[in-house]
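Chemist: Below is one structure. I have some questions about it.
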C-alpha cells in the first residue's frame with residue numbers, strides 16, 4: 001500500500017467572502033464545492049481546486065465568522081506549497097501578487113507570501129511527471145496556472161519522535177533531513193519539519209486544521225488498521241459522501257487524515273456547475289432550510305474570477 005500524496009489541505013477562515021475572492025480571484029483556483037462542515041453544519045466548508053476538483057489540488061476552508069487570527073506552532077502545518085511549471089510562471093506570479101498589493105519573498109525557484117489572514121503559502125517551480133492540476137481563469141494563462149500541491153511543512157520540536165511512524169507505518173520515504181516524499185501510483189508530494197517558534201501555536205483564522213493523504217478505496221480500511229495497530233488511535237471510517245476519511249495525530253501532533261480518491265465531487269453535480277450552489281450530503285439535506293439563513297452570503301465565484 002502506498003499513499004498517493006496529498007489529497008487536500010484544510011484550513012480556517014474568519015471571512016468566507018474574502019476567502020472566495022482571494023483563492024478564486026487572485027490565485028485562480030475554482031470553487032468546486034460549497035458545502036458545510038459535516039461536524040458543525042452551521043459553518044461552511046469551501047473547497048478550491050483544479051477545474052475537475054481533483055485530489056492533489058484541493059485547499060479547503062472551514063469558516064468561523066469572527067474567529068481571531070491564529071498562529072502556527074509546534075504540531076501544526078505552517079507552509080503550503082503549490083507547484084508551478086516554469087521560471088516564466090514564477091515571474092508571472094511575482095508580478096501578479098505585487099499588483100494585488102501582496103508582499104512576496106522570492107528565493108531562487110520559489111515565491112513565498114501569505115493569504116489575507118496570514119496563512120503561509122509558497123509557489124515553487126517543480127520538475128515532475130505528475131499531471132498538472134490546473135483551473136481555468138481568464139487572467140491566468142494555463143501554462144502559468146497553479147498545478148496542484150507539492151508539499152506541506154510543519155513545525156516539530158522533536159522530529160525523531162515521528163520518523164519511525166512516518167516511514168514504517170505510513171510509508172513516507174526520506175529525501176533529506178526531516179523531509180519525506182509520499183508517492184503512490186498517480187501522484188506524489190512532500191512532508192517536512194522545521195523548528196517551531198518560541199510562541200505556542202494557536203488554532204484560528206489563517207492556520208491549517210489538517211492535511212489529508214490520498215488512498216484508494218480498496219486500501220482505506222487497511223490503512224485504518226495499520227494506523228490503529230501502531231497505536232495512533234484513528235477515528236472510525238467516516239463517510240463524507242464525496243470521499244471517506246479517517247483522522248489521527250501523528251507523533252509530532254499534526255492532525256492527519258487519510259481520504260479516499262473517490263467517489264469525487266461530480267457525484268452530485270455536473271463538472272461544469274461545481275461549486276455554484278450550496279450542496280449538502282444526503283444525510284444533511286433535511287437541514288437546508290435551517291442552514292441557508294445562517295451561512296454567510298458569498299460572492300458569485302464566476303463573477304470573482306472575471307473581476308476587473
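Values in this text are rule-based calculations from the coordinates and carry no lab data. Only a predicted model underlies this, so the values are computations on that prediction, with no experimental measurement involved. Methodologically, a virtual Cβ is constructed for each residue, glycine included, from the backbone with ideal geometry; neighbour enumeration extends over all protein chains shown.
Chemist: Would you kindly calculate the mean projected area, averaged across all directions, of the convex hull enclosing the Cα atoms of the stretch 24-97, in square nanometres? Could you put the intermediate results ahead of the total?
Modeler: Numbers: hull surface 27.9 nm².
Dividing the Cα hull surface by four gives the mean projection, 7.0 nm².
Chemist: Can you tell me the length gained on complete extension of the stretch residue 271 to residue 289, counting 0.36 nm per residue apart and subtracting the Cα distance? Please list the in-between numbers first.
Modeler: Numbers: separation 18, 0.36 × 18 = 6.48 nm, distance 2.51 nm.
Extra length available between residue 271 and residue 289 comes to 4.0 nm.
Chemist: Got a sec? How would 219, 283 order by Cβ neighbour count within 10 Å, fewest to most?
Modeler: Details: 219 18, 283 11.
Fewest-to-most ranking of 219, 283: 283, 219.
Chemist: Something else about it: Among 215, 162, which comes first, second and so on when ranked by fewest other beta-carbon atoms within 10 Å?
Modeler: Fewest to most other Cβ atoms nearby, the residues stand as 162, 215.
Chemist: Could you list 119, 261 so that the one with the fewest beta carbons within 10 Å of its beta carbon is first and the one with the most is last? All intermediate terms of the calculation are to be shown ahead of the outcome.
Modeler: Details: 119 26, 261 21.
Ascending Cβ contact count within 10 Å gives the list 261, 119.
Chemist: Determine the calculated [θ] at 222 nm for the chain from helices alone, applying -39500 (n - 2.57) to every DSSP H run no shorter than 4 residues and normalising by the residue count; nearest 500 deg cm²/dmol.
Modeler: -4000 deg cm²/dmol
Chemist: How long is the gain from residue 103 to residue 175 if the chain were fully straight, where each residue apart is worth 0.36 nm and the alpha carbon distance is subtracted?
Modeler: Values: separation 72, 0.36 × 72 = 25.92 nm, distance 3.06 nm.
That pair, residue 103 and residue 175, stretches by 22.9 nm at full extension.
Chemist: How much length is gained if the chain between residue 302 and residue 95 is pulled fully straight, taking 0.36 nm per residue apart and subtracting their Cα-Cα distance, in nm to one decimal?
Modeler: 72.2 nm
Chemist: Only Cα pairs under 8 Å and at least 6 apart count here; give the relative contact order of the chain as a rounded whole percent. Write down the numbers at each step before the final one.
Modeler: Values: 716 pairs, mean separation 83.2, N = 308.
Here the relative contact order equals 27 percent.
Chemist: With log10 I(q)/I(0) by the Debye sum over Cα atoms at q = 0.11, 0.16 Å⁻¹ defined as stated, name the option among (i) -0.56, -1.26; (ii) -0.64, -1.47; (iii) -0.77, -1.25 computed from the structure displayed.
Modeler: Recomputing log10 I(q)/I(0) by the Debye sum over Cα atoms at q = 0.11, 0.16 Å⁻¹ here gives the entry labelled (ii).
Chemist: Still on this structure, please answer the following. Along Cα→Cβ, 7 Å out, is where each label goes; now give me the distance between the ones at residue 198 and residue 42 in nm to one decimal.
Modeler: That separation, rounded to one decimal, is 3.9 nm.
Chemist: What spacing in nm lies between the two simple spin-label points modelled at residue 158 and residue 110, each 7 Å away from Cα in the Cβ direction?
Modeler: Modelled inter-label distance: 2.7 nm.
Chemist: Diagonalise the Cα gyration tensor of the stretch 158-308 and give the resulting equivalent ellipsoid semi-axes, square root of 5 times each eigenvalue, largest first, whole Å.
Modeler: Over the Cα atoms of the stretch 158-308, the semi-axes work out to 32, 21, 17 Å.
Chemist: While we're looking at this one, here's another question. For the chain, with a Gaussian network of springs between Cα atoms less than 10 Å apart, report the residue from 75, 101, 56 with the top mean-square fluctuation.
Modeler: Among 75, 101, 56, the largest GNM mean-square fluctuation belongs to 101.
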